[in-house]
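The values are calculated or read from the model by the stated rules, or taken from the named source; none is laboratory data. Fair warning: this is a prediction, and the values are worked out from it, not measured in the lab. Cβ: placed from backbone, ideal geometry, glycine included. Neighbour counts: every protein chain shown. Quick note on the areas: whole protein, heavy atoms, side chains included, nothing else; ligands and nucleic acids left out. Shrake-Rupley method; radii C 1.70, N 1.55, O 1.52, S 1.80 Å.
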Amino acid sequence: MQEKYALELINKGMRVDGRKLLEFREIELKTNVINKAEGSAYVKMGETQVIVGVKMNMGTPYADSMGEGVLMCGAEFTPMSSPDFESGPPSPESIELARVVDRGIRESHCIDVGKLVIDEKNVWVVNVDIHIINHDGNLMDASALGAIAALKTTKIPRVDLEKMEIVRNDYVADLPVVHTPINVSVCKVGSNVVLDPTKLEEGSIDSRISISVREDDKICALQKQGSKGIMIGEIPGMMELAMEKSRELRKLLE
Amino acid sequence: MGHKSDIKLIVDGKRTDGRTVDQCREVTMEVNVIPAADGSAKVGFGSTVALASVYGPRELFPRFMQESDTGILRTRYNMAPFSVDDRKKPGQDRRSQEISKVMKHALEPVLFLQEFPKVTVDAFAEVIQADGSTRVTGINAVSLALVAAGIPMSHMVTAVSVGKADGELVTDLNGKEDNFGEADMGFAMVHDTGEVTLLQMDGELTLDEIKKLLDMAQTACGQILEKQKKALRDFYVKRGE
């Protein structure tokens, strides 16, 4: 019933919470919220809440990327955040979310991974973990925003080179973050385009494209989701919209 | 994407395998290669080869997975351990699970699943030899297998990869271009209607480049669709003999 009402409103150009179709909910962003993590952020996008923590660990580089640090991204849809999530192995949805956020960070080259070398054998492994705390829609954009905010506050701990041990809480540098990718998911509901859907509105979405845009307007990741197609001629307009909105969201990080 | 490398991917307008920028590799398609399946196909783009089989519509267990008002499509993309240079650990890793999911969404728009409440259509894509563009090769194969299985469909789905290598926009990326190029875009569409059903990209592109890539992908899909139709025609003619 409620879902049908949300759809009827969208068809009239309105939203349940009174927003315009292309308007985001109010966003609250806090950084350094977890003192055990080397970088962290809390994002509240309407009622959607996400915590992202960055842990820096020592590890070996990938064979095809010697001389570069390693980025790893994971997402947990905690059972506490929604009646729809259950504990157990990661769902395809959580894997997709983590991989889309990962691509936005990786392909934008926002981390200067060449500077993350400890010695000949060891590099920094940057673990970005996304924890969904309350699911009220648009997890992708909230998570990606939290991830880049957390990375921007991440500090590199000192390494005791004799013991080859990380000395926690003793930092030597900031993580070299040189770009700011922002993810904007542009949703199609019938013939309308909608941004930042709530969970209720997500029930009416035909399809969406998650678009990751860098501050120089380069697009660095795309992912179409949803079980309906999108007409090819509509795609460039959706990207222009994402570029425009990304500038707005990026201001939150300044 | 974007591994540092000195490999030149394009020299004098020719790619590592001698192709021009907008040329697909040799495309091979064969329908009904797995007799146990309700429908099956084998598709090759150069040395990338994928098998697909479809079972169903069939009863869905466990019962709680059934949908009372529609049938469902389940998809599984998998890479054989021997399909790549360094043996791949068997089973579904995170990449395969994500691809299985987008593959499902790439095919659902053409299926009349509402006509089959409570049942499932199961589609499997198995990459047996990988040299770039494996997911789109798999989607082309599953699309053929769905038709061959007689699943009611409005259209065929056709897929291709496009991207950027050595600063040039290219169609149908091979393994080297996939690994060392600047961008890779997986694309599937219903060519007859212009509906895009798969769109993924990683790399660094301007909006203008994406517009051009969409055009290139649409053109290539038109050519590939003709090959899909021919493969089906060949199959039915042979079956009628």
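Please compute the per residue accessible area over the stretch B:10-240 with all protein chains in place, 1.4 Å probe, rounded to a whole number of Å². Could the numbers behind the result be given before it?
Details: 9480 Å² over 231 residues.
I get 41 Å² per residue for this part.
Could you tell me which of rounded, prolate or oblate describes the stretch B:117-241, using a ≥ b ≥ c as the square roots of the eigenvalues of the alpha-carbon gyration tensor, with rounded for a/c under 1.5 and, failing that, prolate when a/b is larger than b/c and oblate otherwise? If you can, show how the numbers build up before the last one.
Numbers: a/c = 1.98, a/b = 1.88, b/c = 1.05.
In terms of gyration-tensor shape, prolate.
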Query raised in the report: Given the stretch A:1-69, what count of lysine pairs have C-alpha atoms under 30 Å apart, with each pair 8 or more places apart or on different chains?
Result: 12
Query raised in the report: So which lysines pass the test for B:LYS176, namely a Cα distance under 20 Å, with those fewer than 8 places away in the same chain ruled out?
Result: B:LYS4, B:LYS8, B:LYS14, B:LYS88, B:LYS164
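Report the Stokes-Einstein translational diffusion coefficient (µm² s⁻¹, integer) for the stretch B:1-144, Rh taken as the Kirkwood radius over Cα pairs, at 4 °C with viscosity 1.567 mPa s. Write down the numbers at each step before the final one.
Values: Rh = 16.8 Å.
It comes out at roughly 77 µm²/s.
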Report summary line: For B:LYS118, other-chain or 5+-apart residues with amide H closer than 5 Å (H placed, Pro excluded) are B:GLU67, B:ASP69, B:THR70, B:GLY71
Report summary line: In degrees, nearest 10, the alpha-carbon axis of helix B:207-240 is tilted away from the dominant principal axis of the alpha carbons of chain B by 50 degrees
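Of all the C-alpha pairs in the stretch B:10-240, what % are more than 20 Å from each other?
Details: 15529 of 26565 pairs.
Within the stretch B:10-240, distances greater than 20 Å cover 58 percent of Cα pairs.
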Query raised in the report: How do B:ARG25, A:ARG247, B:ARG135 rank by accessible surface area computed with a 1.4 Å probe, from largest to smallest?
Result: A:ARG247, B:ARG135, B:ARG25
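Roughly how many percent of the accessible protein surface of chain A is carbon and sulfur, given a 1.4 Å probe and a whole-percent answer?
Numbers: 5650 of 11220 Å².
In chain A, the share of accessible area belonging to carbon and sulfur is 50 percent.
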Query raised in the report: So which residue, out of A:SER207, A:SER65, A:SER94, gets the largest mean-square fluctuation from a GNM of chain A using Cα contacts under 10 Å as springs?
Result: A:SER65
Query raised in the report: Amide H to amide H under 5 Å from A:VAL189: which residues, 5+ apart in sequence or cross-chain, H placed 1.01 Å off N in plane?
Result: A:VAL194, A:ASP206
Report task. Output the peptides B:192-200, B:158-166, B:111-119, A:220-228 sorted from most to least packed, where packing is the average of other Cβ atoms within 10 Å over each peptide's residues. Result -> B:158-166, A:220-228, B:192-200, B:111-119
Query raised in the report: To the nearest whole percent, what portion of all C-alpha pairs in chain A is separated by more than 23 angstrom?
Result: 52 percent
Requested in this report: For the stretch A:93-111, state which residues have at least 40 Å² less accessible area in the presence of all protein chains than in their chain by itself, taking the probe as 1.4 Å and leaving out ligands, DNA and RNA.
Outcome: A:ILE95, A:GLU96, A:ARG99, A:ARG103, A:GLU107
Query raised in the report: Using a 1.4 angstrom probe and counting only protein chains, how large is the accessible area of B:HIS191 in Å², to 10?
Result: 60 Å²
Query - Degrees between helix B:134-148 axis and first principal axis of chain B (Cα, 0 to 90, nearest 10) - result: 30 degrees
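Averaged over peptide B:178-190, how many Cβ atoms belonging to another chain are found within 10 Å of each residue's Cβ?
On the way: counts 0, 1, 1, 0, 1, 6, 1, 1, 3, 3, 2, 4, 3.
Mean partner-chain Cβ count within 10 Å for B:178-190: 2.
Mind grabbing the interface size between A and B? I mean buried accessible area, both sides, 1.4 Å probe, in Å² to the nearest hundred. Don't skip to the answer; put the middle values down first.
Values: alone 12760 and 11930 Å², together 21550 Å².
Using a 1.4 Å probe on protein heavy atoms, the buried area is about 3100 Å².
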**Report entry** Above-threshold pairs, the threshold being 23 Å between Cα atoms, out of A:LYS218/A:LYS245; B:LYS42/B:LYS212; B:LYS89/B:LYS118
**Finding:** B:LYS42/B:LYS212; B:LYS89/B:LYS118
**Report entry** Carbon/sulfur fraction of accessible area - the stretch B:1-131, other protein chains in place, 1.4 Å, %
**Finding:** 50 percent
**Report entry** Residue of B:ARG58, B:ARG19, B:ARG87 that the Gaussian network model of chain B assigns the largest fluctuation, springs spanning Cα pairs under 10 Å
**Finding:** B:ARG87
**Report entry** Principal-axis tilt of helix B:94-107 within chain B, Cα atoms, nearest 10 degrees
**Finding:** 70 degrees
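Apply 1/(1 + (r/R0)^6) to the Cβ-Cβ distance of B:LYS14 and A:ALA173, taking R0 = 45 Å, and write down the FRET efficiency to the nearest 0.05.
Details: r = 45 Å, r/R0 = 1.00.
Efficiency at R0 = 45 Å is approximately 0.50.
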Query raised in the report: Under 17 Å from the Cα of A:LYS228, which lysines turn up, not counting those fewer than eight places away in the same chain?
Result: A:LYS188, B:LYS101, B:LYS104
Query raised in the report: Just A:ARG99, A:ARG19, A:ARG214 to compare: in a GNM of chain A, with alpha carbon springs under 10 Å, which one fluctuates most?
Result: A:ARG19
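What area, in nm² and to one decimal, does the C-alpha convex hull of the stretch A:181-254 cast on average over all directions? It would help to have the intermediate numbers written out before the result.
Working: hull surface 19.9 nm².
Projected area, direction-averaged: 5.0 nm².
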